[in-house]
Amino acid sequence: MKYKISYENAVSNRGNRSRIRQVMRRALNGEELTIGFLGGSITQGSLSTKPELCYAYHVYEWWQKTFPKAHFTYLNAGIGATDSQFGCARVDTDLLAYHPDFVIVEFSVNDDPTEHFMETYEGLVRRIYSSKDHPAMMLVHNVFYHSGSSAQVMHSRVGRHYDLPSVSMQSTIYPEVVSGRIPNREITPDDLHPNDDGHELVASVITCGLEQILNDLDSQEPAEKPYPQPLTANGYEHCQRLSNRNAQPILTGFVADPEPQNGITDCFKNGWLSSHQGDSIYFEVEASSIAVQYRKTIALPAPVAELILDGDEAHPYLLDANFDETWGEKLQLDTIMEHGPEGKHTVLIRIRKTHENDQKPFCLVSVIAAR
């Protein structure tokens, strides 16, 4: 490693290490194990020159090199520009369906430092930690290198509540960037996404935390505490993501997207499309919180839709597919109702405005019902 950082500050929460120690003992015995990662663009590997140079793959390689008798499967469920609220909706299909033994969760630069995202993050943590395979978990807190900002404060409250091992870039890499000992442009071109050196540095913070656990493997570890009651209202632990694979809404002009999905990062598939003003799609859902996902595109102009919740035509919610950024298309997630009345609700999405030269149809990707 070409850079020196304060690895003694890597661990932001020691947590209970019994699950990770159990995975390590299984690895020493030569078992087959799955190492999983769930997060945003940094986990996906954004700005690494090839997938094998992202932090997640480096951590996977650490497991391989440290436990040569074991057989490991690499599972990267990172999707750029997504947060822990979407993580709650997709964790079953994108992560838990593959029975991971060890999971890293990384959303601290995708979530905002708000009570809402503390709740969605807790829902995700609970969904993973209480799943039938009882995977070991480590929380990873990345940071914006120009400001030091992240959702770590809120996420750390969840980590401490569930006694989970956690590591932080805010207390290791960021101070070296602020001091100038690590020039920021040597590890990140945009003060967020690491380049190859940056990914290697992030991985080293994580593996430092893992090595601490490995070096202490033979000592006595306290048993896990009883599973705690939720820290928040916990309205996101159980989500249903409605797409054209599992839902049959009433279509008036909208059509199901016929194109197959090419991996989880091909994230605008399995929804519904429309290009005509007045077209609509109608859902009935059981929920207390409702969100909608649609494509925002830089191919302008694009249609604008409106969402009518429970027939309230006087208060439509606009879904504008026009994206005023330049970095690419975004899977937009808008929360329409949070902690509303539990029970059946109706969701009508209707194309409100089109243009003669629209470049792409309106793409409704999914409706997410949480309760």
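A short reminder: the numbers here are calculations on the coordinates, not readings from a lab. These figures come from a predicted structure and were not determined experimentally. Quick reminder, even Gly has a Cβ in these numbers, built from the backbone with ideal geometry, and neighbours come from all protein chains shown.
Values as computed for the structure displayed
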item: Phi to ³J(HN,Hα) by Karplus 6.51 cos²θ - 1.76 cosθ + 1.60 over the stretch 331-337, Hz, x for Gly, Pro; result: 7, 7, 10, 10, 7, 9, 9
item: Percent RCO, i.e. relative contact order, over the stretch 1-126, from Cα pairs under 8 Å lying at least 6 residues apart; result: 31
item: FRET efficiency, 1/(1 + (r/R0)^6) with R0 35 Å, evaluated for N262 and N357 via beta carbons; result: 0.80
item: Full-stretch length increase - R25, K132 - with 0.36 nm per residue and alpha-carbon distance subtracted; result: 36.5 nm
item: Ranked list, fewest to most other Cβ atoms within 10 Å of each Cβ, for T120, T346; result: T346, T120
item: Label-point gap, in nm, between N9 and D163 - each point 7 angstrom along Cα→Cβ; result: 2.8
item: Cα-based Lys proximity count in the stretch 239-370, under 17 Å, for pairs eight or more positions apart or on separate chains; result: 7
item: Computed label-point distance, nm, for sites E211 and R371 using a 7 Å Cα→Cβ extension; result: 4.9
item: Least to most buried among I35, I206 (fewest other Cβ within 10 Å first); result: I206, I35
item: 0 to 90° range, to nearest 10: angle between helix 152-161 axis and the chain longest Cα axis; result: 70
item: Estimated [θ] at 222 nm from DSSP helical runs (n ≥ 4, -39500 (n - 2.57)) normalised by residues in the chain, nearest 500; result: -7500 deg cm²/dmol
item: Where labels lie 7 Å past Cα in the beta-carbon direction, separation of D92 and T49 in nm; result: 4.2
item: For T73, distant residues with modelled amide H under 5 Å away; result: L33, T34, I35
item: Antiparallel %, DSSP beta bridges [both residues in the chain], to 5; result: 65
item: Residue exposure sequence - L333, L164 - by fewest surrounding Cβ within 10 Å; result: L333, L164
item: Peptide ranges 217-226, 360-369 listed from the most packed, as the mean C-beta count within 10 angstrom indicates; result: 360-369, 217-226
item: Net length gained if the chain between I250 and A233 were fully extended (0.36 nm per residue, minus Cα distance); result: 2.9 nm
item: Stretch gain in nm, segment Q220-T346, where the contour uses 0.36 nm per residue and the Cα spacing is subtracted; result: 40.0 nm
